[in-house]
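The values are calculated or read from the model by the stated rules, or taken from the named source; none is laboratory data. Note that the structure is a prediction, hence the values are computed from the model and not measured. Here the Cβ is made from the backbone with ideal geometry for all residues, glycine too, and neighbour counts use every protein chain on show. Only protein heavy atoms, including side chains, enter the accessible area calculation; ligands, DNA and RNA are left aside. Shrake-Rupley method; radii C 1.70, N 1.55, O 1.52, S 1.80 Å.
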2 protein chains.
Amino acid sequence: MRRVALVGAGMTPFGEHFDLGIKDLLPMAVTEAVGSVDKGFERADIDAAWFGELTTTDGFPSGILVDSCGLLDVPVTRVENACATGNDALRNAVYGVASGMLDVALVVGADKVRESSARSTFWEWMGLTRDMAWDYPIGVVAPANFALHVNRYLHESGATREHQAMVAVKNHHHGVSNPKAQLRFEITVDDVLDAPMVVEPFGVYDCTPQSDGAAALLVVGEEVVDRYTDRPVWVRGVGLGLDRVMHQHKTDMTTFPPTVKAARQAYAMAGVGPADIDVAEVHDCFTGVELIDYEDLGFCDRFAGGALVESGATAVGGRLPVNPSGGLKSKGHPPGATGIAQCVELFEQLRGESTNQVDGARVALAHNIGGPTAVAAVTILGFDKD
Amino acid sequence: MRRVALVGAGMTPFGEHFDLGIKDLLPMAVTEAVGSVDKGFERADIDAAWFGELTTTDGFPSGILVDSCGLLDVPVTRVENACATGNDALRNAVYGVASGMLDVALVVGADKVRESSARSTFWEWMGLTRDMAWDYPIGVVAPANFALHVNRYLHESGATREHQAMVAVKNHHHGVSNPKAQLRFEITVDDVLDAPMVVEPFGVYDCTPQSDGAAALLVVGEEVVDRYTDRPVWVRGVGLGLDRVMHQHKTDMTTFPPTVKAARQAYAMAGVGPADIDVAEVHDCFTGVELIDYEDLGFCDRFAGGALVESGATAVGGRLPVNPSGGLKSKGHPPGATGIAQCVELFEQLRGESTNQVDGARVALAHNIGGPTAVAAVTILGFDKD
């Protein structure tokens, strides 16, 4: 198979951009990605684009990307896969370039959650991401949905609310050094435990904020890499996993089978295993979810997630830093952009340019889970300059 | 590049399925596609799926496909590109298989327009497919949008409302022999001209109906074709083109630049030209649009579309039959399914199995245009048994 690399990456700050629409955010991210290419990049080189977006734009999504970024001759496919949208959009671009039919692809993710646009609201996309027959009408929106899993996980694993709080404390600490992060302040375990309850076992500080933002990647085939950079970041593996939508059909609430499936595919394609990962960005939409992610991704044994975060291994400076960007928890979570932004962070990590650098990172993993824990996407990136 | 073939195809009848939800329609189409494979097909062979759908399902689209069709281990990407969704979903699957990372892909398109589901309506997806800042608020929804184009086209080309009516008469005649078509009755030019006006120059019989339905294709790599059939239909070309979204930015209302761009890509990839096409399914959401399609696809000279339909060339029995299935006009138009259903018809045409067979068809073209005439997708299929 033809090898595929990232040669550019950019993103907007994540936050409550009440003053910016999606038509403003898209060109900001694309311009930064184009500007990040070492040897320069012409937009006319783009053969095709993929746009990850849920339901918060101001109209026809593919056309809005073309219009707002001056990409009139670029075919654009909109991909939607709930909170796994970003890494799945990248997966599709990788297939396009790997096929040999395209040399250069643009991947963009964006969402406006903090707005009331002409056609959509936060609650509209909430509905889009779960089953309308059962789960949504009885209130199983994202916090309640993940709470069902994490409550059972705490019960079976012996992990505690303090372990959840350690995830929040770690990711807030990481986010302080990231100028693109939404919540750039330190918190303590007590802050998390004392915060107002959203839904047991999640207080306010156990939850990701609602965010606006956009992120972009430039993806090229191996034969043209040299035109753009001598420091490519290779896409070594991609994977996507699904599961049943409704919660009455889940057989084990303490694991997310889509993550296990997506990781298996991505590891196999990359020819690496969990022990090879130097740095990861994982889906911490709620703190307890990051603990389950550790286990599903193979970073530790089953029910050892609490002990892993407590050991400090997943903080920058530890054995396997997770969410050095601040994660969804501190950096923010505009769903369509989230997976792309994870890869922006890892692109910078692998090139030694992150604001919260993990020393010597050579292999990196990005992970999203979404859609009532019914879909997950995993991307493995690698740097092999020498 | 690795060659890619269709080995199975199926679809539900298109119509007003008030008694069926999308969870019923999806397995109907997939089951028919699986059953159509000459040497048999196991669902466990499917490596990945693409699902084209706008906004009318009962919740999380990718998960609903997995759930309703028993495809728990299949990664599913939802693709949305307004009325070009179907052929773009196929394009993405072709990239996936052509990359060599997948051997067998399922492509499904579906929409429920004739319903009021828990979360969506016809008008919600109408909004999704145009610009919310200008076009939608002033009423430029699909009929008005295409009317702006066709009015100018009639003015500049000399084509008449009678020429438009001939498209409707032809496609209704074709649809009569298609058991899957929604409007299976003959009409006359006078019927069309005397029908109640929707928006000048479109009467009721110039407009596609609103439809529910699903369609599915099985796409495989060349090395595994023989497992499934000795009569593969090859995907010879795919293309996708975009344009500006808002009508004040269109430079020429008498042509659809996205079609021209998509066709150029697909013809180049296939190594064929318009003269090589034996049969086509094109986007006739409104009658005058089919006339413009003829020109944009290179089937005739500019402004010769009216004369072409009048000559009988585009009827079954003519030089280049267009919409032998009945087209959107008679077969129906559930947007996410439409492009896939066009390829179902062409799959059958190329294998000599259509209910309205074009003799000796060897090369076929499918075409969608959508999203305020801002996106088009073209697929070229070919049969080379010997």
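Looking for something farther than 27 Å from B:Ser99 by Cα, open to solvent by 10 Å² or more (accessible area, probe 1.4 Å) and touching a residue at least 24 places away in the same chain (Cβ under 8 Å) - is there at least one such residue anywhere in the range A:70-86?
Keep residues of the range A:70-86 that are farther than 27 Å from B:Ser99 by Cα, which gives A:70.
Then keep just the ones that are open to solvent by 10 Å² or more (accessible area, probe 1.4 Å); that gives A:70.
Applying the additional criterion that residues be touching a residue at least 24 places away in the same chain (Cβ under 8 Å) yields A:70.
There is at least one residue in the range A:70-86 that is farther than 27 Å from B:Ser99 by Cα, open to solvent by 10 Å² or more (accessible area, probe 1.4 Å) and touching a residue at least 24 places away in the same chain (Cβ under 8 Å).
From the list B:Gly339, B:Gly371, which one is over 13 Å from the mean Cα position of the chain (by Cα), open to solvent by less than 10 Å² (accessible area, probe 1.4 Å) and within 29 Å of B:Ala144 (Cα to Cα)?
Numbers: B:Gly339 fails: over 13 Å from the mean Cα position of the chain (by Cα).
Step by step, each of B:Gly339, B:Gly371 is checked, and only B:Gly371 is over 13 Å from the mean Cα position of the chain (by Cα), open to solvent by less than 10 Å² (accessible area, probe 1.4 Å) and within 29 Å of B:Ala144 (Cα to Cα).
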For this session: Look through the range A:127-143, keep the residues that are closer than 16 Å to A:Gln210 by Cβ and either at pLDDT 70 or above or surrounded by fewer than 16 Cβ atoms within 10 Å (Cβ to Cβ) (or both), and return whichever of them is farthest from the other protein chains (Cβ to nearest Cβ).
Result: A:Pro143
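What do you reckon, is A:Glu124 more than 9 Å from chain B (Cβ to nearest Cβ), modelled with pLDDT under 95 and more than 16 Å from the chain's Cα centre (by Cα)?
Values: more than 9 Å from chain B (Cβ to nearest Cβ): no; modelled with pLDDT under 95: yes; more than 16 Å from the chain's Cα centre (by Cα): yes.
No.
May I ask you to list the residues in the range A:49-68 that are closer than 23 Å to B:Thr259 by Cα and crowded, with 24+ Cβ neighbours inside 10 Å? If you could, list the steps in order and put the result at the bottom.
Initial filter on the range A:49-68 (closer than 23 Å to B:Thr259 by Cα): A:49-51, A:59-68.
Answer for the range A:49-68, where residues must be closer than 23 Å to B:Thr259 by Cα and crowded, with 24+ Cβ neighbours inside 10 Å: A:Ala49, A:Trp50, A:Phe51, A:Gly59, A:Phe60, A:Pro61, A:Ser62, A:Gly63, A:Ile64, A:Leu65, A:Val66.
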Seminar exercise, completed: Of the residues in the range A:1-16, those that are in a loop (DSSP other than H, G, I, E, B) and more than 14 Å from chain B (Cβ to nearest Cβ) come to A:Thr12, A:Pro13, A:Phe14, A:Glu16
For this session: Examine the range B:208-217 for a residue that is open to solvent by 10 Å² or more (accessible area, probe 1.4 Å), more than 22 Å from the chain's Cα centre (by Cα) and at pLDDT 95 or above, and state whether such a residue exists.
Result: no
Exercise. List, please: which pairs have Cβ atoms under 6 Å, are six or more places apart or on different chains, and start with a residue in the range B:227-245 that is at the interface with chain A (Cβ under 10 Å from one of its Cβ atoms) and end with one that is polar (S, T, N, Q) and surrounded by 21 or more Cβ atoms within 10 Å (Cβ to Cβ)?
Worked result: B:Val238/B:Thr379; B:Gly239/B:Gln265
Seminar exercise, completed: Checked the range A:177-206 for anything touching a residue at least 40 places away in the same chain (Cβ under 8 Å) and among the β-branched types (Val, Ile, Thr); matches are A:Val192, A:Val198, A:Val199
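Which count do you get for residues in the range B:38-65 that are among the hydrophobic types (A, V, I, L, M, F, W, C) and farther than 29 Å from B:Arg351 by Cβ? Spell out the reasoning first.
Our first condition is that a residue be among the hydrophobic types (A, V, I, L, M, F, W, C); within the range B:38-65, this holds for B:41, B:44, B:46, B:48-51, B:54, B:60, B:64-65.
Going one step further and asking which of them are farther than 29 Å from B:Arg351 by Cβ, we end up with B:54, B:60, B:64.
Selection size over the range B:38-65: 3.
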For this session: Could you pull out every one of the strands (runs of 3 or more DSSP E) wholly within the range A:24-116 that has 2 or more residues that are within 7 Å of another protein chain (Cβ to nearest Cβ) and not β-branched (Val, Ile, Thr)?
Result: A:76-80
Seminar exercise, completed: When restricted to B:Arg264, B:Arg231, the only residue in contact with a Lys or Arg (Cβ under 7 Å, 6 or more places away or on another chain) and surrounded by fewer than 20 Cβ atoms within 10 Å (Cβ to Cβ) is B:Arg231
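Between B:Ala374, B:Ala307, B:Ala313, B:Ala366, which is away from chain A (no Cβ under 14 Å), over 16 Å from B:Val238 (Cα atoms) and in contact with a strand residue (DSSP E or B) (Cβ under 9 Å, 6 or more places away or on another chain)?
After applying the criteria, what remains is B:Ala313.
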